[in-house]
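Chemist: Let me begin by handing over the structure; questions about it come next.
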Amino acid sequence: MMPNKQEVIPLLLKMDAGGTPFPVHAAVIWDGEEATLVDTGIPGQHELIRSALEEQGIPFERVTRILITHQDRDHIGSLPELVSGGDRIEVLCHEVCKPYLEGKAPLIKSGMLATPVSVTRTFQDGDTLPIAGGLRVVYTPGHTPDHTSFYHEPSRTLISGDALTAQDGNLMPFNPSFTPNKEEAVRSIEKLLDFDIDTVITYHGGVCSGNIRERLMEIVRTTPRE
(Lines give C-alpha, C1' and ligand atoms only; values in the text may rest on other atoms or scores of the structure.)
Protein backbone atom coordinates (compact mmCIF):
# COMPACT_ATOMS: atom_id res chain seq x y z
CA MET A 1 0.00 0.00 0.00
CA MET A 2 1.25 3.47 -0.90
CA PRO A 3 1.56 6.00 1.96
CA ASN A 4 -0.95 8.84 2.20
CA LYS A 5 -0.35 11.92 0.10
CA GLN A 6 1.49 15.00 1.30
CA GLU A 7 3.44 13.50 4.15
CA VAL A 8 6.97 13.47 5.44
CA ILE A 9 8.30 10.04 6.36
CA PRO A 10 11.43 9.52 8.49
CA LEU A 11 13.77 7.17 6.67
CA LEU A 12 15.93 5.24 9.11
CA LEU A 13 19.24 4.27 7.52
CA LYS A 14 21.06 1.69 9.62
CA MET A 15 24.48 2.40 8.19
CA ASP A 16 27.82 0.83 9.04
CA ALA A 17 30.81 3.15 9.33
CA GLY A 18 33.92 0.99 9.33
CA GLY A 19 32.34 -1.67 11.50
CA THR A 20 30.58 0.78 13.82
CA PRO A 21 26.79 1.08 13.66
CA PHE A 22 25.88 4.55 12.41
CA PRO A 23 22.10 5.01 12.22
CA VAL A 24 20.67 8.26 10.85
CA HIS A 25 17.23 9.53 9.92
CA ALA A 26 17.00 10.89 6.42
CA ALA A 27 13.52 11.85 5.25
CA VAL A 28 11.29 11.33 2.24
CA ILE A 29 8.53 13.73 1.25
CA TRP A 30 5.78 11.91 -0.61
CA ASP A 31 2.70 13.13 -2.47
CA GLY A 32 1.48 9.81 -3.82
CA GLU A 33 3.19 10.33 -7.17
CA GLU A 34 6.66 11.78 -6.62
CA ALA A 35 9.15 11.32 -3.80
CA THR A 36 11.72 13.83 -2.59
CA LEU A 37 14.67 12.46 -0.61
CA VAL A 38 16.34 14.69 1.98
CA ASP A 39 20.03 13.79 2.55
CA THR A 40 21.86 10.66 1.48
CA GLY A 41 24.06 9.25 4.24
CA ILE A 42 27.70 8.27 3.92
CA PRO A 43 29.09 6.82 0.64
CA GLY A 44 27.88 3.43 -0.47
CA GLN A 45 24.27 3.61 0.74
CA HIS A 46 22.42 3.38 -2.58
CA GLU A 47 20.98 -0.07 -1.94
CA LEU A 48 20.22 0.69 1.71
CA ILE A 49 18.28 3.80 0.70
CA ARG A 50 16.43 1.88 -1.99
CA SER A 51 15.44 -0.80 0.54
CA ALA A 52 14.36 1.78 3.13
CA LEU A 53 12.13 3.46 0.57
CA GLU A 54 10.61 0.17 -0.52
CA GLU A 55 9.81 -0.65 3.12
CA GLN A 56 7.65 2.49 3.06
CA GLY A 57 5.97 1.37 -0.17
CA ILE A 58 7.83 3.91 -2.30
CA PRO A 59 9.75 2.62 -5.34
CA PHE A 60 13.13 4.28 -5.80
CA GLU A 61 12.05 5.09 -9.35
CA ARG A 62 9.54 7.57 -7.87
CA VAL A 63 12.35 9.70 -6.44
CA THR A 64 12.51 12.77 -8.67
CA ARG A 65 14.63 15.10 -6.54
CA ILE A 66 17.11 15.12 -3.67
CA LEU A 67 17.38 18.01 -1.23
CA ILE A 68 20.58 18.50 0.76
CA THR A 69 20.57 20.13 4.19
CA HIS A 70 24.31 20.83 4.22
CA GLN A 71 27.74 19.79 3.07
CA ASP A 72 28.84 17.30 5.76
CA ARG A 73 29.95 13.96 4.35
CA ASP A 74 27.41 11.91 6.28
CA HIS A 75 24.68 13.87 4.47
CA ILE A 76 26.09 14.01 0.93
CA GLY A 77 28.15 10.81 0.74
CA SER A 78 25.82 8.74 -1.45
CA LEU A 79 24.58 11.65 -3.55
CA PRO A 80 26.92 10.99 -6.52
CA GLU A 81 25.88 7.34 -6.86
CA LEU A 82 22.18 8.14 -6.44
CA VAL A 83 22.22 10.59 -9.34
CA SER A 84 24.73 8.75 -11.53
CA GLY A 85 22.06 7.19 -13.74
CA GLY A 86 21.40 10.38 -15.71
CA ASP A 87 19.36 13.52 -15.20
CA ARG A 88 16.16 11.89 -13.88
CA ILE A 89 16.81 13.09 -10.31
CA GLU A 90 17.19 16.80 -9.64
CA VAL A 91 19.60 18.03 -6.95
CA LEU A 92 18.52 21.06 -4.90
CA CYS A 93 20.42 22.91 -2.19
CA HIS A 94 20.84 26.34 -0.64
CA GLU A 95 22.84 28.71 -2.85
CA VAL A 96 25.66 28.75 -0.25
CA CYS A 97 25.93 24.96 -0.48
CA LYS A 98 26.28 24.73 -4.26
CA PRO A 99 30.06 25.17 -4.63
CA TYR A 100 30.68 22.43 -2.06
CA LEU A 101 28.44 19.92 -3.83
CA GLU A 102 29.95 20.75 -7.20
CA GLY A 103 33.48 20.19 -5.92
CA LYS A 104 34.52 23.80 -6.41
CA ALA A 105 35.18 24.58 -2.73
CA PRO A 106 36.68 22.26 -0.10
CA LEU A 107 34.37 20.89 2.56
CA ILE A 108 34.81 22.99 5.67
CA LYS A 109 35.35 20.23 8.21
CA SER A 110 37.62 17.95 6.17
CA GLY A 111 39.31 20.37 3.80
CA MET A 112 38.71 17.88 0.97
CA LEU A 113 36.70 18.32 -2.21
CA ALA A 114 33.48 16.36 -2.52
CA THR A 115 32.87 14.12 -5.50
CA PRO A 116 31.21 16.68 -7.75
CA VAL A 117 27.57 16.55 -8.72
CA SER A 118 25.59 18.97 -10.85
CA VAL A 119 23.18 21.10 -8.80
CA THR A 120 19.94 21.54 -10.70
CA ARG A 121 18.51 24.42 -8.69
CA THR A 122 19.34 26.47 -5.62
CA PHE A 123 17.00 28.08 -3.11
CA GLN A 124 17.14 30.83 -0.50
CA ASP A 125 15.81 31.39 2.98
CA GLY A 126 12.04 31.83 2.97
CA ASP A 127 11.43 30.16 -0.39
CA THR A 128 8.46 27.80 -0.56
CA LEU A 129 9.18 24.85 -2.81
CA PRO A 130 6.18 23.35 -4.64
CA ILE A 131 6.68 19.93 -3.09
CA ALA A 132 3.82 17.91 -1.53
CA GLY A 133 1.68 20.92 -0.72
CA GLY A 134 4.46 23.34 0.20
CA LEU A 135 7.95 22.98 1.67
CA ARG A 136 9.40 26.08 3.32
CA VAL A 137 13.15 26.67 3.20
CA VAL A 138 14.54 27.72 6.59
CA TYR A 139 18.18 28.79 6.45
CA THR A 140 19.74 27.60 9.74
CA PRO A 141 23.51 28.21 9.63
CA GLY A 142 25.87 27.61 12.52
CA HIS A 143 26.50 23.89 12.28
CA THR A 144 27.86 24.79 8.84
CA PRO A 145 27.50 28.08 6.96
CA ASP A 146 25.20 26.46 4.39
CA HIS A 147 22.95 24.53 6.77
CA THR A 148 19.27 24.50 5.84
CA SER A 149 16.18 22.99 7.46
CA PHE A 150 12.81 22.35 5.79
CA TYR A 151 9.31 22.93 7.12
CA HIS A 152 6.51 20.94 5.49
CA GLU A 153 3.47 23.14 5.84
CA PRO A 154 0.60 20.59 5.39
CA SER A 155 1.91 18.20 8.07
CA ARG A 156 3.63 20.83 10.25
CA THR A 157 6.80 18.74 10.15
CA LEU A 158 10.31 20.15 10.46
CA ILE A 159 13.25 18.34 8.88
CA SER A 160 16.01 19.79 11.03
CA GLY A 161 19.15 18.20 9.62
CA ASP A 162 21.84 18.80 12.25
CA ALA A 163 20.40 22.07 13.57
CA LEU A 164 18.82 19.90 16.28
CA THR A 165 19.38 16.38 17.57
CA ALA A 166 17.26 13.98 19.62
CA GLN A 167 17.77 11.48 22.41
CA ASP A 168 15.18 8.90 23.45
CA GLY A 169 12.41 10.92 21.82
CA ASN A 170 13.48 14.19 23.45
CA LEU A 171 14.44 17.16 21.29
CA MET A 172 18.02 18.27 21.96
CA PRO A 173 20.32 21.05 20.71
CA PHE A 174 23.00 20.62 18.07
CA ASN A 175 26.14 18.62 18.82
CA PRO A 176 28.62 21.28 20.04
CA SER A 177 31.65 19.21 19.01
CA PHE A 178 30.67 19.50 15.34
CA THR A 179 29.18 23.01 15.36
CA PRO A 180 31.83 25.68 14.78
CA ASN A 181 29.56 28.72 15.20
CA LYS A 182 27.42 28.02 18.25
CA GLU A 183 26.12 31.58 18.56
CA GLU A 184 24.78 31.48 15.02
CA ALA A 185 23.41 27.96 15.55
CA VAL A 186 21.36 29.10 18.56
CA ARG A 187 20.02 32.05 16.58
CA SER A 188 18.98 29.59 13.88
CA ILE A 189 17.02 27.54 16.42
CA GLU A 190 15.38 30.74 17.58
CA LYS A 191 14.11 31.27 14.02
CA LEU A 192 12.20 28.00 14.27
CA LEU A 193 9.90 29.53 16.88
CA ASP A 194 8.14 31.31 14.00
CA PHE A 195 6.70 28.00 12.79
CA ASP A 196 3.83 25.89 14.09
CA ILE A 197 5.70 22.60 14.42
CA ASP A 198 4.08 19.34 15.48
CA THR A 199 6.91 16.95 14.59
CA VAL A 200 10.68 17.23 14.15
CA ILE A 201 12.78 14.73 12.23
CA THR A 202 16.37 15.07 13.42
CA TYR A 203 19.11 13.40 11.40
CA HIS A 204 20.88 12.17 14.52
CA GLY A 205 18.33 10.87 16.99
CA GLY A 206 15.10 10.51 15.06
CA VAL A 207 11.58 11.80 15.54
CA CYS A 208 10.23 14.09 18.26
CA SER A 209 6.66 15.30 18.76
CA GLY A 210 4.68 17.07 21.45
CA ASN A 211 5.43 20.43 23.11
CA ILE A 212 7.90 21.32 20.38
CA ARG A 213 7.63 25.08 20.84
CA GLU A 214 8.22 24.84 24.59
CA ARG A 215 11.23 22.62 24.06
CA LEU A 216 12.68 24.96 21.42
CA MET A 217 12.33 27.89 23.81
CA GLU A 218 14.14 25.92 26.48
CA ILE A 219 16.95 24.98 24.11
CA VAL A 220 17.41 28.61 23.05
CA ARG A 221 17.49 29.70 26.68
CA THR A 222 19.90 27.09 28.01
CA THR A 223 22.30 26.17 25.19
CA PRO A 224 25.82 27.61 25.58
CA ARG A 225 26.74 30.00 22.77
CA GLU A 226 30.50 29.68 23.11
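The values are calculated or read from the model by the stated rules, or taken from the named source; none is laboratory data. Bear in mind that the values here come from a model prediction, so they are computed numbers and not experimental data. Glycine gets a Cβ as well: all are built from the backbone with ideal geometry, and neighbour counts include every protein chain shown. Each accessible area value is taken on the protein alone, full model and side chains, heavy atoms only, with ligands, DNA and RNA left out. Shrake-Rupley method; radii C 1.70, N 1.55, O 1.52, S 1.80 Å.
Chemist: Identify all residues within segment 158-197 that are in contact with a strand residue (DSSP E or B) (Cβ under 7 Å, 6 or more places away or on another chain) and exposed (fewer than 15 other Cβ atoms within 10 Å of the Cβ); write none if there are none.
Modeler: Across segment 158-197, the qualifying residues are GLY169, ASN170, ASN175.
Chemist: Counting only residues that are in a helix (DSSP H, G or I) and free of Cβ contacts under 8 Å to residues at least 40 places away in the same chain, how many does segment 172-212 have? Spell out how you get there, then give the answer.
Modeler: Our first condition is that a residue be in a helix (DSSP H, G or I); within segment 172-212, this holds for 176-178, 182-194, 212.
Okay, now just the ones that are also free of Cβ contacts under 8 Å to residues at least 40 places away in the same chain, so 177, 190, 193-194.
Residues that pass the stated criteria total 4.
Chemist: Being of a type in the set (Ser, Thr, Tyr), open to solvent by less than 40 Å² (accessible area, probe 1.4 Å) and assigned to a strand (DSSP E or B) is true for just one of THR40, THR36. Which residue is that?
Modeler: Residue meeting the stated conditions: THR36.
Chemist: Have a look at GLU54, GLU95 and point out the one that is of a type in the set (Asp, Glu) and either over 22 Å from PHE150 (Cβ atoms) or in contact with a Cys (Cβ under 9 Å, 6 or more places away or on another chain) (or both). Break it down into steps so the answer makes sense when it comes.
Modeler: On the way: GLU95 fails: either over 22 Å from PHE150 (Cβ atoms) or in contact with a Cys (Cβ under 9 Å, 6 or more places away or on another chain) (or both).
Of GLU54, GLU95, the one residue that is of a type in the set (Asp, Glu) and either over 22 Å from PHE150 (Cβ atoms) or in contact with a Cys (Cβ under 9 Å, 6 or more places away or on another chain) (or both) is GLU54.
Chemist: I would also like to ask the following. Looking at SER155, is it open to solvent by less than 70 Å² (accessible area, probe 1.4 Å), closer than 27 Å to LEU37 by Cβ, polar (S, T, N, Q) and assigned to a helix (DSSP H, G or I)?
Modeler: no
Chemist: Continuing with this model, one more query. Being closer than 18 Å to ILE76 by Cα and out of contact with any Leu (no Cβ under 9 Å at 6 or more places or on another chain) is true for just one of PRO176, PRO145, PRO116, PRO130. Which residue is that?
Modeler: Being closer than 18 Å to ILE76 by Cα and out of contact with any Leu (no Cβ under 9 Å at 6 or more places or on another chain) holds for just one of PRO176, PRO145, PRO116, PRO130, which is PRO145.
Chemist: Quick one: count up the residues across segment 8-23 that are surrounded by fewer than 18 Cβ atoms within 10 Å (Cβ to Cβ) and within 16 Å of GLU54 (Cα to Cα).
Modeler: Result for segment 8-23: 2.
Chemist: Need the failing condition index for SER84 against (1) within 18 Å of VAL38 (Cβ to Cβ); (2) modelled with pLDDT under 95, just the number.
Modeler: That leaves (1) as the condition not met.
Chemist: Exactly one of these conditions fails for SER51: (1) of a type in the set (Gly, Ala, Ser); (2) farther than 21 Å from LEU12 by Cα; (3) open to solvent by 50 Å² or more (accessible area, probe 1.4 Å). Give me its number.
Modeler: That leaves (2) as the condition not met.
Chemist: From VAL200, VAL207, grab the single residue that is open to solvent by 10 Å² or more (accessible area, probe 1.4 Å) and within 15 Å of the chain's Cα centre (by Cα).
Modeler: VAL207
Chemist: Further question on the same structure: Going through segment 107-147 one residue at a time, which ones are open to solvent by 20 Å² or more (accessible area, probe 1.4 Å), in a loop (DSSP other than H, G, I, E, B), under 12 Å from CYS93 (Cβ atoms) and touching a residue at least 40 places away in the same chain (Cβ under 8 Å)?
Modeler: THR120
Chemist: On to the next question. Within segment 67-106, can you find the residues that are part of a helix (DSSP H, G or I) and open to solvent by less than 60 Å² (accessible area, probe 1.4 Å)?
Modeler: Within segment 67-106, ASP74, HIS75, ILE76, LEU79, PRO80, LEU82, PRO99, TYR100, LEU101 qualify.
Chemist: Give the residue, chosen from THR20, THR36, THR64, THR40, that is among the hydroxyl-bearing types (Ser, Thr, Tyr) and without any contact (Cβ under 8 Å) to a residue 24 or more places away in the chain.
Modeler: Of the residues listed, the single one that is among the hydroxyl-bearing types (Ser, Thr, Tyr) and without any contact (Cβ under 8 Å) to a residue 24 or more places away in the chain is THR20.
Chemist: Turning to a different aspect of this structure: Closer than 25 Å to THR140 by Cβ, part of a loop (DSSP other than H, G, I, E, B) and at pLDDT 95 or above - does that describe any residue in segment 44-59?
Modeler: Yes; the residues of segment 44-59 include at least one that is closer than 25 Å to THR140 by Cβ, part of a loop (DSSP other than H, G, I, E, B) and at pLDDT 95 or above.
Chemist: Out of (1) touching an Asp or Glu at 6+ places or on another chain (Cβ under 8 Å); (2) more than 20 Å from PHE178 (Cα to Cα), what's the single condition that is false for ASP127?
Modeler: Tallying (1) touching an Asp or Glu at 6+ places or on another chain (Cβ under 8 Å); (2) more than 20 Å from PHE178 (Cα to Cα), ASP127 fails exactly one: (1).
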